[in-house]
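The values are calculated or read from the model by the stated rules, or taken from the named source; none is laboratory data. Not measured: the values here are computed from a predicted model. For neighbour counting, all protein chains shown are included, and Cβ atoms are generated from backbone atoms with ideal geometry for every residue, glycine included.
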Amino acid sequence: MSDEFNINDSIEGVWEKLGEWLDSLILGLPNFLLAFIVFILFLLGAKYIGKILRKVLRFKVKQDSIREITIKIVKVVIVAIGFFVALGLLNLDKVLTSVLAGAGVVGLAIGLALQGTLNNTFSGILLSFLPEIQIGDWIENNGYAGRVVEINLRSIVIREADNNYVVIPNSQVIDAPFKNFSRTSRSRVMVNCGVSYNSDLEFVKELTLKTISKVYPQRGNEEVEFMYTEFGDSSINFVVRFWTQVTSNRDILIAQSAAIIAIKKIYDQNNINIPFPIRTLEFNNKLNIEKPSAEQDEEKE
């Protein structure tokens, strides 16, 4: 009887505990629903405020990356506030305080484990406020060249000329030199060529300068420059440099192509030869005739 009495007491205690939990759940259900609704409202509010902020910053801030990172930070702050308010409605303030108190040690461990990620995050914030690189710029970095389509807290995304996307970690962009074609509206383009050794070098220079200046008019202190560089194997080589509108690597290729066409056309009209390497092959058709030895000469005698 004693054992049966103890088992019954245990079962009864379990049911009492379940009943208490059920009562607590029923009593806390309104607060839980309210906390859930409040958190959802904060999420919707963050999204709505982000849209309004984007419209306002579009007229106040010219740099796209600054606008985007500001909007992201504001939305994260709003969602965090909603999270704390929801916990307060659930009467979990003390639990939250205890969690935050122990978060220091955990945060240190996580920080050591995520050094690379944190480095990329801070680099992303720095990149967002750098005027030297913006969304839409054409840059070269870490062996890649393309147009910047996104700057986020982890990486920078560029679209290359072949329409493929390249994701570069922010820390690598910050640590490595990068070339931005879009920061200057005009850049100097160089074209290398060569003429034959029997050419009138002064006439070639004058003709080339006149031709390039006509195709690409120079502004202000800009000028077309022509310099002979070396005596090549089959030509006297030169470089011609001129200024033109350049905001991407494609613009440089277009300018070089147009200059090459113009130079070739004017050289053909003036009988100026642009030589190419020529290789001369000599064939020896002489037969090797054996000379008679001294012993053979003696036998003949």
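Points worth noting:
- Which listed residue is closer than 30 Å to Asp162 by Cβ, modelled with pLDDT under 95 and outside any helix (DSSP H, G or I), from Thr280, Thr244: Thr244
- Within the set Val85, Val99, the sole residue that is within 30 Å of Ile125 (Cα to Cα), assigned to a helix (DSSP H, G or I) and modelled with pLDDT under 60 turns out to be Val99.
- Answer residue from segment 153-190, given it is aliphatic (A, V, I, L, M), assigned to a strand (DSSP E or B) and surrounded by 13 or more Cβ atoms within 10 Å (Cβ to Cβ) and is farthest from the chain's Cα centre (by Cα) among those: Met190
- Sub-8 Å Cβ pairs linking a first residue in segment 27-56 that is more than 10 Å from Ile78 (Cβ to Cβ) to a second residue that is among the hydroxyl-bearing types (Ser, Thr, Tyr) and surrounded by 13 or more Cβ atoms within 10 Å (Cβ to Cβ), at least 6 apart or interchain, are Leu53/Thr70, ordered by first then second residue.
- Selection within segment 191-213 - within 20 Å of Glu223 (Cβ to Cβ) and in contact with a strand residue (DSSP E or B) (Cβ under 8 Å, 6 or more places away or on another chain): Val191, Asn192, Cys193, Leu201, Val204, Lys205, Thr208, Leu209, Ile212, Ser213
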